[in-house]
1. Over the chain, with the other protein chains present, what is the accessible area per residue in square angstrom, probe 1.4 angstrom?
2. Based on the alpha carbon coordinates of region 92-156, what radius of gyration and maximum Cα-Cα distance (Dmax) apply, in Å?
3. Using unit Cβ charges (K, R positive; D, E negative) and no other charged atoms, how large, in debye to the nearest 20, is the dipole of the chain about its Cα centre?
4. Going toward the positive end of the dipole of region 66-120, with +1 on Lys and Arg Cβ and -1 on Asp and Glu Cβ, which of Thr102, Gly81, Thr114 do you reach last?
5. Give me P(r) over region 87-198, computed from all C-alpha to C-alpha distances, binned every 5 Å, as integer percentages.
6. In nanometres, what is the gap between the two model label sites at Ala223 and Arg277, each 7 Å from Cα along Cα-to-Cβ?
7. Pop out the carbon and sulfur fraction of the accessible area of the chain as a percent, whole number, probe 1.4 Å.
8. Would you check the chain for Lys pairs whose C-alpha atoms are within less than 30 Å, ignoring same-chain pairs closer than 8 in sequence, and give me the count?
Amino acid sequence: MLMVAPLKRPLAGAVTAATRSTSAHLLLPASCRCFSVLNRPPPNYEGHVPLTKTERLGLALGSGFMSFINPRRGDLIAAFGEATAQPYFINRLRDRMLMHPTGRRILRERPRLTSTSLDIPRLRSLPKNTLGYAYVAWLDAEGVSPDTRAAVRYIDDEECAYVMQRYRECHDFYHALAGLPVFREGEVAVKAFEFMNTGLPMTGLAVFSALTLKKAEWERFWAIYGPWAFRNGARADDMINVYWEKELETDVEELRARLGIEKPPDLRAIRKLERERRRRRREKGAKEKAGSSS
């Protein structure tokens, strides 16, 4: 008995230590725990999918490559954004909200930007100089709805997941403030603005899709819209801290001035003017050809 007793104490201590270690491990967020596909932890919020480091890397590489090939795949862009935002970038964006009084209020109240919460019919009745009217006019012109943003799934921290969701739902307000359309040339400019303002890696990758622009679009981006995006995104206030729901009746020019944003040249008007020029050149060439043949 005297020989057995000393052995029981270390064994009991080891079991207790192991139990404490396991309990402490389970208290960590999913992003800080090691696990495999066979012992995946429970989700931290509705729709959450915890990923292993290998899965997250694979998701980032696969979705990043495919979204570069096909920038119209919003689901791939969303997945790439989530896979690359964690752990540093989305936490940094959340911390910037915590340091700002409006940002803290948004995190506390957690509003959602939907057609119901924004009351789209009411926005159409607002004065034309207001943000709300400019926003809904942009939605109508582009055929876009605020209800199409994908739900966040791959951000482990529940509060950071909301920050990513809020960023997505605010995207159309950036378009409306800038007056930029949704086709590729306009989207690249807005993503460049977002990259300078938020620092999210996905927005930076989207800027590289400028390589797929046509020659005239490429030249126009680097001459006009690229410099506008980099300059305004860097100097503007943190757009994630704007409580858009409270600014809907604000004069849109006043809001741009307060946020430090210049409105770029009308991209649709420029493209229309260039199409007219090409049409006149073709007509002139056809007339000259017909004259020389006669």
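1. Working: 16360 Å² over 294 residues.
Ligands and nucleic acids excluded, the figure is 56 Å² per residue.
2. 14.8, 42
3. Working: 48 positive and 35 negative charges, 189 e Å.
Using Cβ point charges on Lys, Arg, Asp and Glu, the chain gives about 900 debye.
4. Thr102
5. All Cα pairs considered, the percentages come to 2, 11, 19, 22, 20, 16, 8, 2, 0.
6. The two pseudo-label positions are separated by 0.7 nm.
7. Values: 9710 of 16360 Å².
The computed percentage sits at 59.
8. 25
The values are calculated or read from the model by the stated rules, or taken from the named source; none is laboratory data. Note that the coordinates shown come from a computational prediction; the quantities given were computed from them, not determined experimentally. A quick note on method: Cβ atoms are made from the backbone with ideal geometry, for glycine too, and the neighbour counts reach across all protein chains shown. SASA here: full protein model, heavy atoms, side chains in, ligands and nucleic acids out. Shrake-Rupley method; radii C 1.70, N 1.55, O 1.52, S 1.80 Å.
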